[in-house]
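Enquirer: Okay, handing you the structure first.
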Amino acid sequence: MRKQQLLIDGQWVKASNGALGEVKNPATGEIIAQASLAATEDIKKAIEAAGCAFPGWAELSPAERGAYLRAAGEKVMERHKEIGALMTEEQGKPLLEAQGEVKKAALALRYYAEEGERVYGRIIANAERDIESRVVYQPIGPAAAITPWNYPVELLAWKICGALAAGCTMVAKPPSLTPLSPFAFMKCLVDAGIPPGVINGINGPGSKVGRQLIENPIIKKMAFTGSTEVGRLISTDCGPLMKKASLELGGHCPMIISRNCDLEAAVEGAVRRSFRNMGQICISINRIYVDQVIHDRFVEKCVAAAKKLKIGHGLLTVPCDLGCMANAEGLAKTKEHIADAISKGANVACGGQKPEGKEFAKGFFFEPTILTNVNHQMKVMTEETFGPVVGVMAFDDLNEAIALANDTPYGLAAYGFTDNLDEADKLAREIHAGNVAINNVDAGVMNAPYGGWKDSGRGCEHGPEGLMEYLEAKHVRVRYLHSDR
Ligand code: NAD
């Protein structure tokens, strides 16, 4: 049986109390590994290691830190196939998608290796001629990352890359459901020579580890991706301690399709972004508002495209479009949302059940599901399902569609399809979300800020903004005593 250890101060160690958690393959139900669960003492040691390593790491020049990150990026690229396979085994997504995710994490290391060198300050003229104000940015201190299981490597990489490039050290807590691939990613950093204590990895239940990370004064910043519910708890706990927190939380993302769109492109985008990773993406399309003139044609084409998606056991069926869901709770919630919609009058245009076949019997497999005749009384149109389900609703007028799109406490991502420039501009300006994609469904790119509005969180990852989350501004005011300027 594979064993996963903790990473503390550059050493791979078992939990001090010997505690282990099971890691299961969601496609088969098999136990594939045992992962050490950090005891209080282990978490303390990891935090102290990050604290001890901080001054030395912060003192390096950005170029020196960048060289470490670039070397780590090389290691990740070398190992992306095996790390991707581990991810598929523990999370259920198709192999090529998992390997692609790991490659994107390598790109994040390279990007932040460069971006770390582009942290510039400012010089500000004062009223007095012999005084100058300088603004400099300095690393905030040891940081902690808590991440979810849907993108086990990428979401962790964004935090580690931003923190390390800024000069912060880190204690990372990957999800206990899928710890293997994130630890394999962190091993690349250690094997690339990043000094002991700069990156530490602990596994364990979020509530216990999270509280200890927040309460320990050594940790100066929390970087969290996960549900809005847990994000709120972290925000509440960090508040009185004045601890900085960036929170990438849940979403309920709308797509608006105008009658003036390229219908084929809209269908392709809708199917891809509703069902990829079995809908277990914070920026998944959860609800589609389509002009009533093209509604029926759009639904017909989407159903045909969804039925063509190949479902498979991620490691055995290569390539495939969809794997299984990651856990039983997600599958149960998906079924509950479908049942709720049907009880309130929705029609199932396709899906709604487990696919047929022996290979799907034990895993959390489910068909991609399109619901029509939906409304905002239904959970599927208002609550995050985090499963392969999308509701499609017709609209008469673009203002009505925008009002429906904004009728949510969330504000993570939104999508619009139109060939009309004025409509594109209206959608981009009037939708309340941190990320709006027009005529495409990839709302995040590495060099532009990615973050949520409203209940979808605060702060950003990606881009220079993602780096600023780990820096503090300092104003230095200098009087030149003997200058004659
Ligand atoms: P979750 O909130 O249950 O868990 C996320 C992480 O937080 C896990 O590591 C977990 O162990 C930890 N945790 C749980 N309780 C905690 C507590 N009390 N204190 C501190 N840490 C705690 O979320 P999940 O089910 O793993 O992931 C799905 C959610 O994540 C969805 O809501 C999804 O939208 C969101 N998500 C958001 C983004 C984004 O970028 N905005 C990206 C991916 C996922």
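Enquirer: Identify, please: which residue in the stretch 372-403 is assigned to a strand (DSSP E or B) and under 26 Å from the mean Cα position of the chain (by Cα) and is, among those, farthest from the ligand (Cβ to nearest atom)?
Expert: V392
Enquirer: Another question, then. Would you confirm whether or not the stretch 213-220 contains a residue that is within 14 Å of the ligand (Cβ to nearest atom) and at positive phi?
Expert: Within the stretch 213-220 (the criterion being within 14 Å of the ligand (Cβ to nearest atom) and at positive phi), the answer is no, since none of the residues qualifies.
Enquirer: Could you say whether any residue in the stretch 361-370 is assigned by TED's automatic domain parsing to the domain that holds R297 and more than 28 Å from E97 (Cβ to Cβ)?
Expert: No - not one qualifying residue is present in the stretch 361-370.
Enquirer: Would you mind listing the helices (runs of 4 or more DSSP H) fully within the stretch 224-314 where at least 3 residues are within 14 Å of the ligand (Cβ to nearest atom) and out of contact with any Pro (no Cβ under 9 Å at 6 or more places or on another chain)?
Expert: Where helices (runs of 4 or more DSSP H) fall fully within the stretch 224-314 and carry at least 3 residues being within 14 Å of the ligand (Cβ to nearest atom) and out of contact with any Pro (no Cβ under 9 Å at 6 or more places or on another chain), they are 228-238.
Enquirer: Give the residues of the stretch 337-351 that are surrounded by fewer than 16 Cβ atoms within 10 Å (Cβ to Cβ) and on the phi > 0 side of the Ramachandran plot, sorted by residue number.
Expert: G345
Enquirer: Okay, next question. Hey, among L95, L69, L60, which residue is among the hydrophobic types (A, V, I, L, M, F, W, C), in contact (Cβ under 8 Å) with a residue 40 or more places away in the chain and surrounded by fewer than 22 Cβ atoms within 10 Å (Cβ to Cβ)?
Expert: L60
Enquirer: Confirm whether G210 is assigned to a helix (DSSP H, G or I), surrounded by fewer than 24 Cβ atoms within 10 Å (Cβ to Cβ) and within 14 Å of the ligand (Cβ to nearest atom).
Expert: So G210 fits the description; yes.
Enquirer: If you scan the stretch 403-421, which residues turn out to be touching a Phe, Trp or Tyr at 6+ places or on another chain (Cβ under 9 Å) and not small (G, A, S)?
Expert: L404, Y410, L412
Enquirer: Could you tell me which residue of the stretch 162-176 is surrounded by the fewest Cβ atoms within 10 Å (Cβ to Cβ), considering only residues that are within 16 Å of the ligand (Cβ to nearest atom) and outside any helix (DSSP H, G or I)?
Expert: Looking at the filtered set, the residue picked out is S176.
Enquirer: Given the criterion in contact (Cβ under 8 Å) with a residue 12 or more places away in the chain and surrounded by fewer than 20 Cβ atoms within 10 Å (Cβ to Cβ), identify the matching residue among K358, K354. Give the steps one after another, and end with the answer.
Expert: Details: K358 fails: in contact (Cβ under 8 Å) with a residue 12 or more places away in the chain.
Within the list K358, K354, the selection yields K354.
Enquirer: Something else: Mind checking which residues of the stretch 406-458 are closer than 23 Å to A245 by Cα and polar (S, T, N, Q)?
Expert: Scanning the stretch 406-458 gives N435, N447, S456.
Enquirer: With respect to P148, determine if the residue is touching a helix residue (DSSP H, G or I) at 6+ places or on another chain (Cβ under 7 Å) and more than 10 Å from the ligand (Cβ to nearest atom). Walk me through it before giving the result.
Expert: Details: touching a helix residue (DSSP H, G or I) at 6+ places or on another chain (Cβ under 7 Å): yes; more than 10 Å from the ligand (Cβ to nearest atom): no.
For P148, the condition - touching a helix residue (DSSP H, G or I) at 6+ places or on another chain (Cβ under 7 Å) and more than 10 Å from the ligand (Cβ to nearest atom) - is not met.
Enquirer: Here is a follow-up. Under 6 Å between Cβ atoms, at least 6 apart or on separate chains: pull out the pairs that start in the stretch 153-166 with a residue that is in the same structural domain as W57 (by TED's automatic domain parsing) and end on any residue that is β-branched (V, I, T) and part of a helix (DSSP H, G or I).
Expert: V153/V102
Enquirer: How about the stretch 453-479: which of its residues are touching a helix residue (DSSP H, G or I) at 6+ places or on another chain (Cβ under 7 Å), away from the ligand (no atom under 16 Å from the Cβ) and part of a helix (DSSP H, G or I)?
Expert: Passing the criteria: P464, L467.
Enquirer: Which one of these is buried (at least 17 other Cβ atoms within 10 Å of the Cβ), assigned to a strand (DSSP E or B), in the same structural domain as R110 (by TED's automatic domain parsing) and modelled with pLDDT of 95 or more: G21, G51?
Expert: On inspection, the qualifying residue turns out to be G21.
Enquirer: Also, quick follow-up: Is it the case that K187 is surrounded by 24 or more Cβ atoms within 10 Å (Cβ to Cβ) and of a type in the set (K, R)? Step through it out loud before you land on a result.
Expert: Working: surrounded by 24 or more Cβ atoms within 10 Å (Cβ to Cβ): no; of a type in the set (K, R): yes.
The answer is no for K187.
Enquirer: With the requirement that a residue be closer than 12 Å to G197 by Cα and among the basic types (K, R), what does the stretch 39-74 give you?
Expert: K45
Enquirer: What is the number of the single condition among (1) over 18 Å from the mean Cα position of the chain (by Cα); (2) on the phi < 0 side of the Ramachandran plot; (3) assigned by TED's automatic domain parsing to the domain that holds I31 that M242 does not meet?
Expert: (2)
The values are calculated or read from the model by the stated rules, or taken from the named source; none is laboratory data. Since we're looking at a predicted model, the values are computed, not measured. Here Cβ is always computed from backbone atoms with ideal geometry, including for glycine, and neighbour counts include all displayed protein chains.
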